[in-house]
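Structure, as structure tokens:
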Ligand code: F0G
């Protein structure tokens, strides 16, 4: 089964081994992963983690597999960079149709493809900065033009010299000669050039998860993933979710002004221009890894207003929540949060491919970005076509898949709520929407059972529970790194009633064990 020498993440695999979770799966279908027992027989395990959300349609969906096979069998080009890509356009068209349906009246959103969620996050951040740099450039061009106009107006006597220099820092005297006016313009230029080095400021929410690459990990709140790499990334300001006032005041701290001149009533006058330093705000409509916490519609409405007023683009990270997982294609549609950027990943690859997408609102889109951003594998022919087939399956029959996600999700949530009602001492909370669900166990760090207590204190209780569910009930659930007592459940839309009952049976056992502090089955499953 497992070879004794490991080269690929030996530490991690070893840690999984201490919980009996280092199982090699040999086959996957629908909601099941299969391993082989000692006799070589396949043993199914109900997979409720589904690739951390990448399996909306389950493992190896037959129509996606058939489509992939056809692409390969017919020699369809996989790599054909620098050529026409009608399939990628079609993906963009389908996504735009969905945006138009879920956000009536929305502008078109051109799409940039990437390979992973984190990469889409970074493409969006990069696009925000590219846009900011171009806005800065036009601001400086405008100021240069205005200075030129003012100098000429003073020279030909059509404008008088400024009589107020109070906008400039320091005691700059009011100019009385052309020379002093030149010095004043020099001070204006120095002030403006001084602003150029100001780093952009990005905002994210506490508990956020946006990936683990150099850039994106700085937008991920959990210090375990971020702290060691802070010196390599952008400074990100975290604000509490669902607190509009906190966002407003955080944005208000970043309002530097460039100085410009204007000829007003025959006099050269110093004026302030907003200097763009705000990079953007990134949010998940429902925080996934951070513990299944939803943003409210009230907050969404305020975010849009506050960000519009501050010129702050809103990046909505739907990598986990999108593709219909919550009952609508975009979870942000539940709360009416119109984004400047939408990010998709995970299930966009149909469970067999790796792809992601960044959609940018037309009025913010900088087409020149296409000339400075690319990746060897992004928008490849194979994965893009698989993504299109996936979208077609989701959109079929008037989006029946989304209704199914909502209905299956409610059914799972119903089971979990039953348990919470029956075991209020054990289950702290049940949260979720559609098929993005979390069950939070009550703190066990004061438990009477030493095994349960110690594992809880070490933040490892969910691994112990996960191991029990897997080894005894053949159910795979997931942890969230940020909420130590939470089991994460993100199954496919094809979850059956029997599978949901299997989950009920497993979790009922877990609740009984925790209530009776009977750790034996946990250690010797
Ligand atoms: N954004 C969100 C909201 C995510 O949940 C994830 C990944 C990413 C970005 C990064 O995507 O892994 O393809 O680079 N979330 C997984 C999780 C890993 O644990 O929920 P990636």
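Values computed for the structure shown
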{"item": "Selection count where residues are in a strand (DSSP E or B) and either crowded, with 19+ Cβ neighbours inside 10 Å or in contact (Cβ under 8 Å) with a residue 40 or more places away in the chain (or both), scope segment 269-296", "result": "15"}
{"item": "Filter result (in a loop (DSSP other than H, G, I, E, B) and in contact (Cβ under 8 Å) with a residue 12 or more places away in the chain) within segment 25-56", "result": "25, 26, 31, 48, 49, 54, 55, 56"}
{"item": "Given (1) within 16 Å of the ligand (Cβ to nearest atom); (2) over 18 Å from the mean Cα position of the chain (by Cα), index of the condition residue 231 fails", "result": "(1)"}
{"item": "Residues that are within 16 Å of the ligand (Cβ to nearest atom) and assigned to a helix (DSSP H, G or I), drawn from segment 83-126", "result": "117, 118, 119, 120, 121, 122, 123, 124, 125, 126"}
{"item": "Of the criteria (1) assigned to a loop (DSSP other than H, G, I, E, B); (2) at pLDDT below 95, which one residue 183 fails", "result": "(1)"}
{"item": "Residue in segment 2-23 that is at pLDDT 95 or above, surrounded by 16 or more Cβ atoms within 10 Å (Cβ to Cβ) and in contact with a strand residue (DSSP E or B) (Cβ under 9 Å, 6 or more places away or on another chain) present", "result": "no"}
{"item": "Condition met for residue 266 (farther than 28 Å from residue 135 by Cα, out of contact with any helix residue (DSSP H, G or I) (no Cβ under 6 Å at 6 or more places or on another chain) and surrounded by 24 or more Cβ atoms within 10 Å (Cβ to Cβ))", "result": "no"}
{"item": "Subset tally (residues that are part of a loop (DSSP other than H, G, I, E, B), more than 16 Å from the ligand (Cβ to nearest atom), more than 21 Å from residue 421 (Cα to Cα) and touching a helix residue (DSSP H, G or I) at 6+ places or on another chain (Cβ under 6 Å)) for segment 438-491", "result": "1"}
{"item": "Test: residue in segment 368-379 that is in contact with a helix residue (DSSP H, G or I) (Cβ under 6 Å, 6 or more places away or on another chain) and more than 30 Å from residue 80 (Cα to Cα)", "result": "no"}
{"item": "Residue under evaluation residue 300, criteria (1) in a loop (DSSP other than H, G, I, E, B); (2) away from the ligand (no atom under 16 Å from the Cβ), criterion not met", "result": "(1)"}
{"item": "Filtered residues of segment 310-329 (kept if in contact with a strand residue (DSSP E or B) (Cβ under 7 Å, 6 or more places away or on another chain) and either away from the ligand (no atom under 13 Å from the Cβ) or in a strand (DSSP E or B) (or both))", "result": "310, 311, 312, 313, 314, 315, 316, 317, 327"}
{"item": "Criterion (closer than 28 Å to residue 502 by Cβ and not in a strand (DSSP E or B)) met by exactly one of 406, 339, 387, 378", "result": "406"}
{"item": "Residue list for segment 432-470, filter: under 27 Å from residue 295 (Cβ atoms) and surrounded by 18 or more Cβ atoms within 10 Å (Cβ to Cβ)", "result": "432, 433, 434, 435, 436, 437, 438, 439, 440, 441, 462"}
{"item": "Of all residues making up segment 492-525, the number that are in contact with a helix residue (DSSP H, G or I) (Cβ under 8 Å, 6 or more places away or on another chain), outside any helix (DSSP H, G or I) and more than 23 Å from residue 400 (Cα to Cα)", "result": "4"}
{"item": "Answer from 247, 232 - the residue that is touching a residue at least 24 places away in the same chain (Cβ under 8 Å) and under 25 Å from residue 316 (Cα atoms)", "result": "247"}
{"item": "Some residue of segment 134-150 being over 25 Å from residue 367 (Cβ atoms), part of a loop (DSSP other than H, G, I, E, B) and in contact (Cβ under 8 Å) with a residue 24 or more places away in the chain", "result": "no"}
{"item": "Some residue of segment 211-224 being closer than 19 Å to residue 142 by Cα and touching a residue at least 24 places away in the same chain (Cβ under 8 Å)", "result": "no"}
{"item": "Residues within segment 220-253 that are in a helix (DSSP H, G or I) and within 16 Å of residue 291 (Cα to Cα), tallied", "result": "3"}
{"item": "Within segment 32-82, tally of residues that are under 26 Å from residue 115 (Cβ atoms) and more than 16 Å from the ligand (Cβ to nearest atom)", "result": "27"}
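The values are calculated or read from the model by the stated rules, or taken from the named source; none is laboratory data. What you are looking at is a predicted structure, and each value in this text was computed from that prediction instead of being measured. Every residue, glycine among them, receives a Cβ derived from its backbone with ideal geometry; neighbour counts consider all protein chains shown.
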